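The values are calculated or read from the model by the stated rules, or taken from the named source; none is laboratory data. Everything quoted here is computed from the prediction, not taken from an experiment. All Cβ positions, glycine included, derive from the backbone under ideal geometry; neighbour counts span all protein chains shown.
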Ligand code: ATP
């Protein structure tokens, strides 16, 4: 008998700022596959990305505001508290040790992240410690750029949610979540241009952004 309460899911990102494109797909995912909790883990110094505009404390506070009335989510600050680059592979290895060898663990990513996943530090080891659950994102294909990476994807793909609940790690699941055409880049650009963002992120987060004067001189605008 599969224990539907056992699968733990971690959701990493920069969240600069957190927006509905982060929150809504995974809330729907939780209903689709029976996830009781999603652990949001903001990263500190993303090794392969430009530095975030908001400070770690500001990104953390925006996440706290966004999930304040949503018991599905919990915040994990382990990567924020590090002053070295946060590599998902290392974080998941540590998480596996904490959770024991048999508990099903999953790492949630958007479709864009799946495409560049093979460029992540020690990406192959990530599936030793967790499953990968991929949410749809408009504008990105569901096939990999080269044959070797496609073979890797095909080797691990499953369309059975039971696999996620019964196996500890090793599967990739392409979830049929709806598309949300929102990115943090678009949010920063619109804020910099003084355009409304009410449909893009929670009101409490927007209010905090205005109060802190964040993203007024966005470098990607
Ligand atoms: P930026 O525009 O600054 O690159 P972003 O909006 O992609 O940021 P991140 O914090 O880098 O946000 O993303 C964290 C995770 O959320 C990634 O796995 C990413 O694929 C996923 N994600 C972000 N936006 C969406 C979206 N609209 N739909 C599905 N997944 C998303």
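Points worth noting:
- Filter result for residue 108 (within 13 Å of the ligand (Cβ to nearest atom), in a strand (DSSP E or B) and either farther than 30 Å from residue 211 by Cβ or over 17 Å from the mean Cα position of the chain (by Cα) (or both)): no
For (1) modelled with pLDDT under 95; (2) surrounded by 14 or more Cβ atoms within 10 Å (Cβ to Cβ); (3) within 16 Å of the ligand (Cβ to nearest atom); (4) part of a helix (DSSP H, G or I), each residue gets a yes or a no:
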{"residue": "162", "(1), (2), (3), (4)": "no, no, no, yes"}
{"residue": "170", "(1), (2), (3), (4)": "no, yes, no, no"}
{"residue": "181", "(1), (2), (3), (4)": "no, no, yes, no"}
{"residue": "197", "(1), (2), (3), (4)": "no, yes, yes, no"}
{"residue": "205", "(1), (2), (3), (4)": "no, yes, yes, yes"}
{"residue": "219", "(1), (2), (3), (4)": "yes, no, yes, no"}
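- Identity of the residue in region 43-65, touching a helix residue (DSSP H, G or I) at 6+ places or on another chain (Cβ under 7 Å) and modelled with pLDDT of 95 or more, that ends up surrounded by the most Cβ atoms within 10 Å (Cβ to Cβ): 62
- Residue count for region 126-178, restricted to those that are under 15 Å from the mean Cα position of the chain (by Cα) and more than 25 Å from residue 93 (Cα to Cα): 3
- Taking (1) in contact with a strand residue (DSSP E or B) (Cβ under 7 Å, 6 or more places away or on another chain); (2) not in a helix (DSSP H, G or I) in turn, residue 17 satisfies each apart from (1).
- Options 82, 59, 78, 74: the member that is away from the ligand (no atom under 12 Å from the Cβ), touching a residue at least 24 places away in the same chain (Cβ under 8 Å) and outside any loop (DSSP other than H, G, I, E, B): 74
- Consider region 183-194 and keep the residues that are farther than 19 Å from residue 141 by Cβ and not in a helix (DSSP H, G or I). The one that is nearest to the ligand (Cβ to nearest atom) is 193.
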